[in-house]
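**Student:** To start, I am sharing the structure in question, which I have written as structure tokens.
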Amino acid sequence: QEDDDAATSDAELETRERLTTRATKPVAMSAETERSSTESSAASGLDFEDTALTLTLRLPGDPDRKRGASSSSSCSLADRSSLLAEAPPAPKARVVGWPPVRSFRKNALENVAAGSTRAACAPAKFVKVAVDGAPYLRKVNLRDYAGYDQLLRALQGKFCSHFTIRKFANDEMKLVDAVNGTEYVPTYEDKDGDWMLVGDVPWKMFEEACQRVRLMKNSEAVNIAPRSAR
Amino acid sequence: MGRGGARDGAAAAPPWHSLPDEVLEHAFSFLPAAADRGAAAAVCHGWLGAERRSRRRLAVANCYAAAPRDAVDRFPSVRAAEVKGKPHFADFGLVPPAWGAEAAPWVAAAADGWPLLEELSFKRMVVTDECLEMIASSFRNFQVLRLVSCEGFSTAGLAAITEGCRNLRELDLQENYIEDCSSHWLSYFPESFTSLETLNFSCLEGEVNFAVLERLVSRCRNLKTLKLNNAIPLDKVASLLRKAPQLVELGTGKFSAEYHSDLFAKLEAAFAGCKSLRRLSGAWDAVPDYLPAFYCVCEGLTSLNLSYATVRGPELIKFISRCKNLQQLWVMDLIEDHGLAVVAGSCSKLQELRVFPSDPFGAGQVLLTERGLVDVSASCPMLESVLYFCGQMTNEALITIAKNRPNFTCFRLCILEPRTPDYVTRESLDAGFSAIVESCKGLRRLSVSGLLTDLVFKSIGANGNCLEMLSIAFAGNSDLGLHYILSGCKTLKKLEIRDCPFGNKPLLANAAKLETMRSLWMSSCSLTLGACRQLAEKMPRLTVEIMNDPGRTCPVESLPDDSPVETLYVYRTIAGPRSDTPDYVQIV
């Protein structure tokens with residue numbers, strides 16, 4: 001249970017981070033104009049007191065991001081407040097590619113962390129993972145993960161850390177490409193050959209039934225049976 | 001050399017410019033470093049010709065700096081080539097997929113022009129199974145394949161290599177993303193094949209046929225390096241070691257198992273037989289109880305890589321403290337300050353230390369602070385290379401470290417939270433990093449972090465006279481910062497910057513500098529399209545690439561000059577603009 005809560009707030013974090021990354025772009029532009037007068041004096045190479053003062057101006061990637069509720073980015077967050085209502089504000093906002101740890105290493109750490117919670121000696125169950133638009137497939141060992149959150153985070157790590165995980169109130173999960181905003185819906189093929197939405201059944205049941213995973217582009221996923229038909 | 005046999009002063013020795021090529025080439029063969037060969041080649045046309053025709057090793061640090069065919073034509077005798085592709089920040093997910101850096105054109109050109117090629121090394125490139133098949137079938141004396149941080153191939157491609165390369169000595173796969181096709185690539189080594197010296201498949205995720213591996217290890221008596229993957233359990237490691245006691249380097253793969261005293265005894269006996277073991281690594285979820293099985297090799301170890309090992313506590317520290325001859329230590333921050341204090345006291349020959357974060361996004365429950373680094377720098381006189389991830393730092397600590405170790409050549413400090421100040425004084429860390437660059441006159445590589453103003457860059461620009469690579473993130477407060485770097489740092493080759501308030505002015509003011517560098521990366525800074533256009537126009541021998549939202553459909557030509565540029569990647573090239581850019585990359 002504890003893990004799930006932490007994972008939920010992680011997912012929230014990622015969502016918030018992605019939103020604030022977008023939000024800080026206009027901030028950067030205004031900071032640019034505010035700084036222009038400093039720049040001209042800077043170019044003449046004078047006055048370090050001036051440059052020291054500029055610390056108080058808002059800069060790209062501002063620490064405001066941390067104080068999510070109070071910063072200018074809260075206007076976009078308000079729209080998604082239902083999303084974020086559950087989790088308490090987290091102490092740190094995550095930034096793409098920071099700290100500078102290789103994706104390979106991050107994956108390995110996740111696998112190790114997952115492995116220590118999983119039952120010993122379970123035979124590996126590798127399933128193929130396809131992402132619409134990616135040139136080649138990956139494989140994951142479902143036994144490495146204790147739940148959907150860990151699986152999604154592993155997928156996030158494998159496909160170059162560009163995905164952020166977005167969760168919705170009705171348990172739906174989506175992976176969003178932070179670079180271009182494309183939404184992917186995680187689906188899987190079960191033993192009957194049907195394509196199902198990931199997340200409906202308990203993890204263990206999913207682990208047994210899943211034959212392969214496909215991250216479907218949101219536009220195509222409308223053909224999957226809606227959740228309401230249960 | 002070169003002075004002829006004439007004793008008569010009037011019959012002068014043959015002048016330099018008429019020395020036969022064979023003499024020149026022989027002389028050049030004593031210049032191991034590419035830089036020296038490059039310098040010799042610049043002397044005159046004669047030397048240029050002799051040098052390029054006899055060059056055996058070629059390192060292409062940026063695959064787009066030259067066209068593969070040109071490189072092959074220019075250096076026809078190359079036996080060993082190394083090519084690097086994507087920018088360094090690709091390691092951290094800042095470069096989306098399908099960016100480029102395909103190995104295929106290089107393999108094709110090599111297949112045409114270097115039939116005697118023996119060694120090929122690719123780093124951060126896309127290597128396909130077709131590439132591997134072409135390598136296997138094009139070079140009859142192919143011996144060494146090294147792939148680092150590559151992707152795009154599968155075990156089927158590996159099978160082509162193991163089947164086709166009859167003289168293979170080294171197959172070194174480091175941190176690649178390899179698709180597992182379950183094709184038994186290891187089984188394709190013929191039974192008669194015995195030349196293997198290095199086998200590293202630690203990054204492979206799938207199973208390998210252990211019986212095949214065991215037979216391979218048994219018959220390759222020259223095997224010196226064996227790095228296994230996670231699929232090989234502990235008891236199998238023991239039996240492999242018994243077959244290959246001559247190993248110099250071992251990577252154990254997964255090291256977790258419940259403690260069984262008979263398995264412990266097996267391991268201990270197996271390691272006791274490995275008198276030549278010098279380098280040890282592995283992804284140890286190690287049950288600490290097994291560590292004493294390694295004690296017999298500790299004394300001989302020069303390199304220990306526990307950076308994927310989640311083992312912690314007194315057993316870990318006891319283990320490392322027995323490694324008195326350690327030169328290279330990679331660990332997780334689980335070692336904590338008190339562990340590093342022990343390292344400082346035990347490993348007096350330490351040259352390189354890397355401490356990785358066990359929980360990069362965690363709430364800082366690990367007790368690793370600046371103290372650990374201070375202790376090691378104080379007690380390890382040969383320490384020259386550091387990579388250190390931690391949560392806090394002070395100027396005082398950095399100044400102490402700088403005073404202790406003026407011999408640093410590589411100093412990379414990553415304070416996990418961006419813009420963290422000195423936690424005692426709440427000031428910026430300018431003073432600390434300035435002390436580092438002022439004291440370490442031979443510093444070649446530097447990564448800075450924490451709260452930093454433009455002042456630190458003034459210091460770096462002025463004092464970084466040997467600096468070749470500089471990484472900056474979330475630092476500085478105006479264009480001045482970038483200007484200091486670009487106008488100083490005489491030997492700078494690679495500059496990578498992210499999330500800094502650096503704008504167009506210093507870039508344009510120092511445009512000429514960029515041609516003396518290999519590459520510049522700037523992401524999430526304050527650049528606009530107009531400046532990039534100006535830069536590209538001013539400097540035709542640079543390729544100016546910008547990366548923006550792939551969702552943007554309009555071509556870059558139609559965008560106004562003041563459009564923000566999210567990522568700029570500039571590099572010098574003699575090949576002109578590349579033609580394999582994906583949608584989200586535009587060459588200005």
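The values are calculated or read from the model by the stated rules, or taken from the named source; none is laboratory data. The model shown is predicted, which means the values in this text are computed figures rather than measured ones. Using ideal geometry, Cβ is built from the backbone for each residue, glycine included, and neighbour counts are taken over all protein chains shown. Quick note on the areas: whole protein, heavy atoms, side chains included, nothing else; ligands and nucleic acids left out. Shrake-Rupley method; radii C 1.70, N 1.55, O 1.52, S 1.80 Å.
**Student:** Which condition from (1) open to solvent by less than 40 Å² (accessible area, probe 1.4 Å); (2) within 14 Å of chain A (Cβ to nearest Cβ) is the one that B:G273 breaks?
**Tutor:** Here B:G273 meets the rest and fails (2).
**Student:** Also, I was wondering about something else. Out of (1) at pLDDT 95 or above; (2) not in a loop (DSSP other than H, G, I, E, B), what's the single condition that is false for B:I335?
**Tutor:** Among (1) at pLDDT 95 or above; (2) not in a loop (DSSP other than H, G, I, E, B), the lone unmet condition for B:I335 is (1).
**Student:** Which members of the range B:99-108 meet the condition of being crowded, with 18+ Cβ neighbours inside 10 Å and among the hydrophobic types (A, V, I, L, M, F, W, C)? Even if it seems obvious, please write down each step before you answer.
**Tutor:** The first filter runs over the range B:99-108 and keeps only residues crowded, with 18+ Cβ neighbours inside 10 Å, leaving B:99-103, B:106-107.
Across the range B:99-108, the qualifying residues are B:W99, B:A101, B:A103, B:W106, B:V107.
**Student:** Another question, then. Does the range B:112-120 contain any residue that is acidic (D, E) and part of a helix (DSSP H, G or I)?
**Tutor:** yes
**Student:** Could you grab me the full set of residues in the range B:231-264 that are open to solvent by less than 10 Å² (accessible area, probe 1.4 Å) and not in a loop (DSSP other than H, G, I, E, B)?
**Tutor:** First, pick out the residues of the range B:231-264 that are open to solvent by less than 10 Å² (accessible area, probe 1.4 Å): B:232, B:234, B:237-238, B:240-241, B:244, B:247, B:250-253, B:255.
B:L234, B:V237, B:A238, B:L240, B:L241, B:L250, B:G251, listed by residue number.
**Student:** Please state which of the following conditions B:V107 fails to meet, knowing it meets all the rest: (1) in a loop (DSSP other than H, G, I, E, B); (2) more than 14 Å from every other protein chain (Cβ to nearest Cβ).
**Tutor:** (1)
Rundown of residues vs (1) at pLDDT below 95; (2) farther than 17 Å from B:V208 by Cβ; (3) surrounded by 18 or more Cβ atoms within 10 Å (Cβ to Cβ), yes/no style:
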{"residue": "B:F139", "(1), (2), (3)": "no, yes, yes"}
{"residue": "B:V144", "(1), (2), (3)": "no, yes, yes"}
{"residue": "B:C165", "(1), (2), (3)": "no, yes, yes"}
{"residue": "B:L168", "(1), (2), (3)": "no, no, yes"}
{"residue": "B:S183", "(1), (2), (3)": "yes, no, no"}
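**Student:** Just the residues that are part of a loop (DSSP other than H, G, I, E, B) and away from every other protein chain (no Cβ under 14 Å), please, taken from the range B:366-391. Reasoning before the result, please.
**Tutor:** Narrowing the range B:366-391 to residues part of a loop (DSSP other than H, G, I, E, B): B:366-369, B:380-384, B:391.
Across the range B:366-391, the qualifying residues are B:L367, B:T369, B:C380, B:P381, B:M382, B:L383, B:E384.
**Student:** What strands (runs of 3 or more DSSP E), lying completely within the range A:144-230, carry at least 1 residues that are more than 21 Å from the chain's Cα centre (by Cα) and at pLDDT 85 or above?
**Tutor:** On the way: elements: A:163-167, A:173-177, A:183-189, A:195-197, A:212-217.
Here the list reads A:183-189, A:195-197, A:212-217.
**Student:** Just give me the residues in the range B:34-50 being closer than 20 Å to B:L120 by Cβ and either among the β-branched types (V, I, T) or surrounded by fewer than 16 Cβ atoms within 10 Å (Cβ to Cβ) (or both), in sequence order. Break it down stepwise before answering.
**Tutor:** In the first step, residues of the range B:34-50 are kept if they are closer than 20 Å to B:L120 by Cβ; the result is B:34, B:37.
Selection gives B:A34 alone.
**Student:** Considering each of B:E336, B:E315, B:E299 in turn, give the residue that is on the phi > 0 side of the Ramachandran plot and either of a type in the set (D, E) or open to solvent by 20 Å² or more (accessible area, probe 1.4 Å) (or both).
**Tutor:** Working: B:E315 fails: on the phi > 0 side of the Ramachandran plot; B:E299 fails: on the phi > 0 side of the Ramachandran plot.
Sole residue among the options that is on the phi > 0 side of the Ramachandran plot and either of a type in the set (D, E) or open to solvent by 20 Å² or more (accessible area, probe 1.4 Å) (or both): B:E336.
**Student:** Next question, about the same structure. Can you tell me which residue within the range B:462-478, out of those that are surrounded by fewer than 22 Cβ atoms within 10 Å (Cβ to Cβ) and out of contact with any strand residue (DSSP E or B) (no Cβ under 8 Å at 6 or more places or on another chain), is nearest to the other protein chains (Cβ to nearest Cβ)?
**Tutor:** Ranking the qualifying residues of the range B:462-478, first place goes to B:A462.
**Student:** I'm checking my understanding of the structure. Among residues of the range B:398-438 that are under 26 Å from B:P360 (Cβ atoms) and small (G, A, S), which one is least open to solvent (accessible area, probe 1.4 Å)?
**Tutor:** B:G432
**Student:** Does the range B:128-141 include one or more residues that are part of a loop (DSSP other than H, G, I, E, B), out of contact with any Asp or Glu (no Cβ under 9 Å at 6 or more places or on another chain), under 30 Å from A:R105 (Cβ atoms) and in the same structural domain as B:L171 (by the TED database)? Before you say what the answer is, go through the steps one by one.
**Tutor:** Filtering the range B:128-141 for residues part of a loop (DSSP other than H, G, I, E, B) gives B:128, B:139-141.
In the following step, the residues that additionally are out of contact with any Asp or Glu (no Cβ under 9 Å at 6 or more places or on another chain) were identified as B:140.
Still in the list and also under 30 Å from A:R105 (Cβ atoms): none.
No - not one qualifying residue is present in the range B:128-141.
**Student:** Could we say that B:G391 is open to solvent by less than 20 Å² (accessible area, probe 1.4 Å), in the same structural domain as B:R279 (by the TED database), at pLDDT below 95 and of a type outside the set (D, E, K, R) here? Lay out the reasoning, then the answer.
**Tutor:** On the way: open to solvent by less than 20 Å² (accessible area, probe 1.4 Å): no; in the same structural domain as B:R279 (by the TED database): yes; at pLDDT below 95: yes; of a type outside the set (D, E, K, R): yes.
No; evaluated as a whole, the condition is false for this residue.
**Student:** OK, next. Specify the residue that is modelled with the highest pLDDT; the eligible residues are those in the range B:198-226 that are within 18 Å of B:L304 (Cα to Cα) and open to solvent by 40 Å² or more (accessible area, probe 1.4 Å).
**Tutor:** Checked the range B:198-226; the qualifying residue modelled with the highest pLDDT is B:K224.
**Student:** While we're looking at this one, here's another question. Go through the range B:568-588 residue by residue and tally those that are modelled with pLDDT under 95, surrounded by 17 or more Cβ atoms within 10 Å (Cβ to Cβ) and assigned to a strand (DSSP E or B).
**Tutor:** Qualifying residue count for the region: 2.
**Student:** Can you tell me which residues in the range A:135-152 are open to solvent by 40 Å² or more (accessible area, probe 1.4 Å) and facing chain B (nearest Cβ under 7 Å)?
**Tutor:** Correct list: A:P135, A:Y136, A:L137.
**Student:** Can you tell me which residue is nearest to the other protein chains (Cβ to nearest Cβ) among those in the range B:397-452 that are over 18 Å from B:I485 (Cβ atoms), without any contact (Cβ under 8 Å) to a residue 40 or more places away in the chain and of a type in the set (D, E, K, R)?
**Tutor:** B:E417
Yes/no matrix, rows are residues, columns are (1) in contact (Cβ under 8 Å) with a residue 40 or more places away in the chain; (2) within 29 Å of B:K84 (Cβ to Cβ); (3) among the hydroxyl-bearing types (S, T, Y):
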{"site": "B:P506", "(1), (2), (3)": "no, yes, no"}
{"site": "B:S524", "(1), (2), (3)": "yes, yes, yes"}
{"site": "B:L529", "(1), (2), (3)": "yes, yes, no"}
{"site": "B:L542", "(1), (2), (3)": "no, yes, no"}
{"site": "B:S563", "(1), (2), (3)": "no, no, yes"}
{"site": "B:L568", "(1), (2), (3)": "yes, yes, no"}
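**Student:** Let me ask another. For B:L482, which of the numbered conditions (1) over 24 Å from B:R419 (Cα atoms); (2) at pLDDT 95 or above; (3) more than 10 Å from chain A (Cβ to nearest Cβ) fails to hold?
**Tutor:** Going through the list (1) over 24 Å from B:R419 (Cα atoms); (2) at pLDDT 95 or above; (3) more than 10 Å from chain A (Cβ to nearest Cβ), B:L482 breaks only (1).
**Student:** Scan (1) within 14 Å of another protein chain (Cβ to nearest Cβ); (2) among the aliphatic types (A, V, I, L, M); (3) touching a strand residue (DSSP E or B) at 6+ places or on another chain (Cβ under 7 Å) for the single condition B:V208 breaks and write down its number.
**Tutor:** Failing condition for B:V208: (3).
**Student:** Among (1) open to solvent by 20 Å² or more (accessible area, probe 1.4 Å); (2) touching a residue at least 12 places away in the same chain (Cβ under 8 Å); (3) more than 21 Å from B:L508 (Cα to Cα), which single condition is B:K494 missing?
**Tutor:** (3)
**Student:** If you don't mind, another one. Looking at the range B:545-564, is at least one residue more than 14 Å from every other protein chain (Cβ to nearest Cβ), closer than 22 Å to B:A67 by Cβ and out of contact with any Asp or Glu (no Cβ under 9 Å at 6 or more places or on another chain)?
**Tutor:** Checked against the condition, which is being more than 14 Å from every other protein chain (Cβ to nearest Cβ), closer than 22 Å to B:A67 by Cβ and out of contact with any Asp or Glu (no Cβ under 9 Å at 6 or more places or on another chain), the range B:545-564 yields at least one hit.
**Student:** If you don't mind, another one. Would you confirm, using the coordinates I've provided, whether B:S195 is under 23 Å from B:E118 (Cα atoms), assigned to a loop (DSSP other than H, G, I, E, B), open to solvent by 10 Å² or more (accessible area, probe 1.4 Å) and among the small types (G, A, S)? Outline the logic, then answer.
**Tutor:** Working: under 23 Å from B:E118 (Cα atoms): yes; assigned to a loop (DSSP other than H, G, I, E, B): yes; open to solvent by 10 Å² or more (accessible area, probe 1.4 Å): yes; among the small types (G, A, S): yes.
Yes; evaluated as a whole, the condition is true for this residue.
**Student:** Please verify whether B:R53 is modelled with pLDDT under 95, part of a helix (DSSP H, G or I), open to solvent by 30 Å² or more (accessible area, probe 1.4 Å) and away from every other protein chain (no Cβ under 13 Å), treating the condition exactly as stated. Step through it out loud before you land on a result.
**Tutor:** Values: modelled with pLDDT under 95: yes; part of a helix (DSSP H, G or I): yes; open to solvent by 30 Å² or more (accessible area, probe 1.4 Å): yes; away from every other protein chain (no Cβ under 13 Å): yes.
Here the answer is yes, as B:R53 does meet what is asked.
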